[in-house]
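Working notes, structure below.
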Amino acid sequence: MKMLLHICCAPCSVAIVEKFLTEQEMELEGLYFNPNIHPKEEFDKRKNSVLAMSEDYGVPVTINELNLLDYWRDTLQPDKSQRCSYCYAVRMDETARYAAEHGYDVFTTSLLISPYQDHELIVSMGEKAASRYGVKFYYEDFRPLYRKGRERARGKHWYMQKYCGCYYSYGESDHPKKPIYFTENNL
Ligand code: SF4
């Protein structure tokens, strides 16, 4: 089975990668596609950890550099229900499209590991995208692996983000170690 894993970041993906590599016979590849992440510096920090993971585990990862910061800022409302729904949909849509175009049997997403995301909405968006492009969406509740992934990433000194990713979530995070970014697009 040829599986495409949508990767939001290394800490959320690494335990899933380990599980797939050890428990299931499959050809595993990843797709880093996160046009929501603000600003570019943060995007690159997360991307670089994903590339380190790719090398460590021997899992090829395609990087999509698309950034839709202007769309997030100018079109999406601060209301989480609207922006998060779009955020899941656009990522699942592109992953399904890429999977169909490149001959993968099935796709899934590391977003399913996070206890902080809307799990059911992600599943719904994944299934809709799958039927749109004629590929299968693999569902598994990865949330029990969340802590393991964080510990593994910390042990490998990969970047650990301090906010969900978008323009609005940066402003909402009150994490004491949140990086200070000085860009014209900051809130
Ligand atoms: S809060 Fe997170 S899931 Fe919601 S739009 Fe922002 S980055 Fe996407």
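The values are calculated or read from the model by the stated rules, or taken from the named source; none is laboratory data. The model shown is predicted, which means the values in this text are computed figures rather than measured ones. Positions of Cβ are generated from backbone atoms using ideal geometry, with glycine treated the same way; all protein chains shown enter the neighbour counts.
Could you give every pair whose Cβ atoms fall below 9 Å, whose first residue belongs to the range 93-106 and is without any contact (Cβ under 8 Å) to a residue 60 or more places away in the chain and over 10 Å from G134 (Cβ atoms), and whose second residue is among the small types (G, A, S) and not in a loop (DSSP other than H, G, I, E, B), counting only separations of at least 6 or pairs across chains?
D93/A129; R97/A129
Going through the range 83-132 one residue at a time, which ones are surrounded by fewer than 18 Cβ atoms within 10 Å (Cβ to Cβ), away from the ligand (no atom under 16 Å from the Cβ) and outside any loop (DSSP other than H, G, I, E, B)?
Matches in the range 83-132: R97, A100, E101, V106, E127, K128, S131, R132.
Just checking, does the range 49-60 include any residue being in contact (Cβ under 8 Å) with a residue 12 or more places away in the chain and within 20 Å of Y181 (Cβ to Cβ)?
Yes, the conditions are met somewhere in the range 49-60.
Just the residues that are out of contact with any Ser or Thr (no Cβ under 7 Å at 6 or more places or on another chain) and aliphatic (A, V, I, L, M), please, taken from the range 4-27.
Answer for the range 4-27, where residues must be out of contact with any Ser or Thr (no Cβ under 7 Å at 6 or more places or on another chain) and aliphatic (A, V, I, L, M): V14, A15, V17, L21, M26.
Output the residue which, of all residues in the range 161-175 that are more than 19 Å from L112 (Cα to Cα) and not acidic (D, E), is farthest from the ligand (Cβ to nearest atom).
Per the stated criteria, the residue is H175.
Which residues, taken from the range 50-82, are out of contact with any strand residue (DSSP E or B) (no Cβ under 9 Å at 6 or more places or on another chain), among the hydrophobic types (A, V, I, L, M, F, W, C) and more than 14 Å from the ligand (Cβ to nearest atom)?
A52 - this is the single residue of the range 50-82 that is out of contact with any strand residue (DSSP E or B) (no Cβ under 9 Å at 6 or more places or on another chain), among the hydrophobic types (A, V, I, L, M, F, W, C) and more than 14 Å from the ligand (Cβ to nearest atom).
Quickly run through the range 128-172 and pick out the residues that are small (G, A, S), within 18 Å of the chain's Cα centre (by Cα) and modelled with pLDDT under 95.
G165, S169
Suppose we filter R147, R143 for residues that are basic (K, R) and free of Cβ contacts under 8 Å to residues at least 12 places away in the same chain; which single one remains?
Only one candidate passes the filter, namely R147.
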